[in-house]
Structures are given as C-alpha cells and as structure tokens.
Amino acid sequence: MTDEIRERVKQKYAEAARNAGGDKRCCCGSGDQEPITDLSCGSYSTEELGELPTEAVAASLGCGNPVALADLSPGEVVLDLGSGGGIDVLLSARRVSPGGKAYGLDMTDEMLELARKNQQKAGVENAEFLRGTIENIPLPDSHVDVVISNCVVNLSIDKERVISEAYRVLKPGGRFAISDVVFLGSKQELPDEVLHKVELWTGCVAGALEKAGYERILEETGFEDISVEVTNTYTPESVEGLSSPEEIEALRKVPAASAFIRARKPARE
Ligand SMILES: C[S@@+](CC[C@H](N)C(=O)[O-])C[C@H]1O[C@@H](n2cnc3c(N)ncnc32)[C@H](O)[C@@H]1O
C-alpha cells in the first residue's frame, strides 16, 4: 500500500513536470484534480519572482514561501525537501551566496530534469539537485543549516521518518522552516467521505497531518522553539466536490489550512 501511494505521487508529479509552464497550478493539485488555490501563487514577492526565469516560476507547486520564512544568510547550507521545479532552491541559493549552497531533493526524475534546466537558465551555480526520497535523505548527519520544504511533507507516507531525517541532517542549532497543509482539529471528527473529498481536492493522497500532530512529532523528535502559524484557512465552500450542508458543516469544524511550520534543533543535544 505504501509503495502504491508513493508510486501514485511520483506519477502525478512526473505529469506535472511534463506540463510545467502550461496551466498554472498551485500547491498539490495537478493532473485530473483541481489545485488548492490562492496559496503560493500569491506568496512570492515581485522581486523574488523577478530573480528567476519564468519557467521556474511557472513550475511552482507549493503552498507558501519557505524561503521568506527561513531567514537565510550568506554561507549557509540549505536543503529543500521535495524541490519540484526548483523555485525555492534557486531563491535560497541566491540568499546563501557567497559561500553557501542549496540542495534540492526529489524522487521524481522528470522534476529533477526540469529543476536542472531551470537552474541552468537562472545561471545559479551554488545549487545541486539530488535524487532520493525525503524519508531517506542522501546527506550525512549535521550537514545543513536549514531544512525548507513547500507543500511536500503532507505527501509522505511516513511523516515521522521525514521529520527525524530532517533532524539528523541539521547541524546543532539548525532551523526547520517549511510550508505545508494541515488540518485544524481532529481528523477523526471528519466523516470518511469528507476526508476523502478534501484529500482528493488537495491532491494530498497520503493525508495531511493535524496541526497538533505536527507539533507532537516535532517535539518527540527533539526539536525546540516549535511553532505552527496558519497562513490561509480554506473555506469549505471552496473545496470541490463537497455538496451537502452536513459535509460543509463538518469541514467548517475541522478546516484544512496552509501553515508555516518552524522549529530548531537544539544547539547542544
Ligand atoms: C507539491 S510538489 C512541490 C514542489 C516544490 N516544493 C514547489 O514548491 O514547487 C511535491 C514535490 O515533492 C516530490 N515528492 C513527493 N513525495 C516525495 C518523497 N517522498 N520523496 C521525495 N520527493 C517527493 C514530488 O516529486 C514533487 O516534485
């Protein structure tokens, strides 16, 4: 089952990479599903977008702007989990120059190819795109200053593992600064049918975490200074496929949202 979900995610993003530059899609939505709208499309500044080739901007599928959140400085090493077409890696690479480096990690070959093309067009040299999964990060322990990610952890079949891998590769005192989709409340209170429709709509096939669940996993992994800041709550009316007043009411009680999730690895363990 887990392999099947991962394969579905891969196929979906291979298709998204092939269609990059066509229909503008934000966040997880792509292919035959509608995207979450009004998320990342509005969250990059004009200056940031102006720094990149239009192809890199058009390939963006995130739900926030983790680069703005991460407060990067020259000389730092950054890792973007699920880097897609590379928008956040290319922006980060500019922020950490001179002396720093930005890695992108993605499991979908078509996305890696697209990201490398975008890197070439952008003329960015201090970036590298790695092939692999966010559940098994192909970097040594204590290697990076900042882990960023944009609308990807919700796609993972093993979120605990992703967060513990992020912790492992961070240097002591390193920052975790990601955008993701969360549920505000207990998913158990959502009827299965409603949950299914929301997850179809968002494209988050492996299921988004509850806000409290995120905080718990980060804390259990050893992170400190944890915060989950909601940036946009989706109205039930905007979720495609929800029709009955009961379904709408259920989602009003436990809405889905995009959020900035921040934490720090202790300086001394
Ligand atoms: C919603 S897109 C976001 C892409 C990019 N972060 C952005 O903001 O445009 C999800 C990306 O994560 C990748 N991905 C999903 N699950 C993954 C996993 N378990 N390991 C590595 N990459 C993954 C997909 O291939 C895809 O490129």
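The values are calculated or read from the model by the stated rules, or taken from the named source; none is laboratory data. Predicted, not measured: the structure shown is a model, and the values here were computed from it. Quick reminder, even Gly has a Cβ in these numbers, built from the backbone with ideal geometry, and neighbours come from all protein chains shown. In case anyone asks, the SASA skips ligands and DNA or RNA and just uses the protein heavy atoms, side chains included. Shrake-Rupley method; radii C 1.70, N 1.55, O 1.52, S 1.80 Å.
The listed residues are 207, 185, and the only one of them that is within 14 Å of the ligand (Cβ to nearest atom), modelled with pLDDT under 95 and not in a helix (DSSP H, G or I) turns out to be 207. Given (1) of a type outside the set (A, V, I, L, M, F, W, C); (2) within 13 Å of the ligand (Cβ to nearest atom); (3) under 22 Å from residue 45 (Cα atoms); (4) surrounded by fewer than 24 Cβ atoms within 10 Å (Cβ to Cβ), identify the lone condition not met by residue 108. For residue 108, the exception is condition (3). Cβ-Cβ distances below 9 Å connect the following pairs, each with a first residue in segment 117-138 that is modelled with pLDDT of 95 or more and of a type in the set (Asp, Glu), a second residue that is outside any strand (DSSP E or B) and open to solvent by 70 Å² or more (accessible area, probe 1.4 Å), and a separation of six or more residues or different chains: 135/161. Of the candidates 263, 166, 250, the single residue that is among the small types (Gly, Ala, Ser), outside any helix (DSSP H, G or I) and touching a residue at least 60 places away in the same chain (Cβ under 8 Å) is 263.
Put simply, of 51, 55, 110 the only residue that is closer than 28 Å to residue 263 by Cβ, at pLDDT 85 or above and charged (D, E, K, R) is 51. Exactly one residue among 218, 200, 251 is farther than 15 Å from residue 153 by Cβ, among the aliphatic types (A, V, I, L, M) and open to solvent by less than 20 Å² (accessible area, probe 1.4 Å), and that residue is 251. Of all the listed residues (70, 56), the sole one being farther than 16 Å from residue 180 by Cα, buried (at least 22 other Cβ atoms within 10 Å of the Cβ) and within 15 Å of the ligand (Cβ to nearest atom) is 56. Residues that are of a type outside the set (Gly, Ala, Ser), open to solvent by less than 10 Å² (accessible area, probe 1.4 Å) and in a loop (DSSP other than H, G, I, E, B) within segment 138-157 comprise just one, 151.
Checking the structure you have, find out if any residue of segment 233-243 is of a type in the set (Val, Ile, Thr), part of a strand (DSSP E or B), open to solvent by 60 Å² or more (accessible area, probe 1.4 Å) and modelled with pLDDT of 85 or more. Looking for residues that are of a type in the set (Val, Ile, Thr), part of a strand (DSSP E or B), open to solvent by 60 Å² or more (accessible area, probe 1.4 Å) and modelled with pLDDT of 85 or more, one finds at least one in segment 233-243, hence yes. As a summary of the residue check, residue 213 satisfies the conditions (1) part of a helix (DSSP H, G or I); (2) more than 23 Å from residue 64 (Cα to Cα); (3) open to solvent by less than 60 Å² (accessible area, probe 1.4 Å); (4) at pLDDT 85 or above except for the one numbered (2).
Yes or no, residue by residue, for (1) within 22 Å of residue 229 (Cα to Cα); (2) buried (at least 18 other Cβ atoms within 10 Å of the Cβ); (3) of a type outside the set (S, T, N, Q):
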{"residue": "62", "(1), (2), (3)": "yes, yes, yes"}
{"residue": "85", "(1), (2), (3)": "no, yes, yes"}
{"residue": "93", "(1), (2), (3)": "no, yes, yes"}
{"residue": "120", "(1), (2), (3)": "no, no, no"}
{"residue": "123", "(1), (2), (3)": "no, no, yes"}
{"residue": "134", "(1), (2), (3)": "no, yes, yes"}
